[in-house]
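Right, one structure below, let's go through it.
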């Protein structure tokens, strides 16, 4: 299996699959190659276990139980985890918002790292400002380390 993954990387078929399934239109050749290299590096058995788990995965009830603020980020061209799923999660979590990153696919962090970093920084700064003003209670640790 590892040899087949290496062959698909070397002959370009891994790049084609990654471009179609995981990245947006604006991806550079370097970004595409970086993402495609994971197919060679990842252990096939781990990938198989993860894919099987996705088929049985249902965390629909989890967002409503989150006691902390949540920011959901999604790429507009994500074909694997549709942006609509992110919107649904943000509606289920009591203290959540949703940010759509454009242009970005499933591996949008590779494509638009700056936009993701800015969205996360804005979120954290908003939390820090709210905690400093007394509007939000700071999160307390459980005492466990």
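Only the coordinates and a few stated rules stand behind these numbers; no lab work does. Because the structure is a prediction, the values reported are computed rather than measured. Quick reminder, even Gly has a Cβ in these numbers, built from the backbone with ideal geometry, and neighbours come from all protein chains shown.
Values as computed for the structure displayed
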| item | result |
| --- | --- |
| Rg(Cα) / (2.2 N^0.38 Å) computed for the chain, rounded to two decimals | 1.27 |
| Residue-span extension gain [residue 33 to residue 120] - 0.36 nm each, minus C-alpha spacing | 28.7 nm |
| Relative intensity, log₁₀ I(q)/I(0), of the range 63-133 from a Debye sum that treats every alpha carbon as a point, q = 0.19, 0.21, 0.23, 0.24 Å⁻¹ | -0.78, -0.90, -1.01, -1.06 |
| Simple spin-label estimate for residue 3 and residue 66 in nanometres, 7 Å along Cα-Cβ | 4.5 nm |
| Modelled FRET efficiency - R0 22 Å, residue 13 with residue 43, Cβ distances, 0.05 increments | 0.65 |
| Mean residue ellipticity (222 nm) of the chain, computed from DSSP H runs ≥ 4 via -39,500 (n - 2.57), nearest 500 | -17000 deg cm²/dmol |
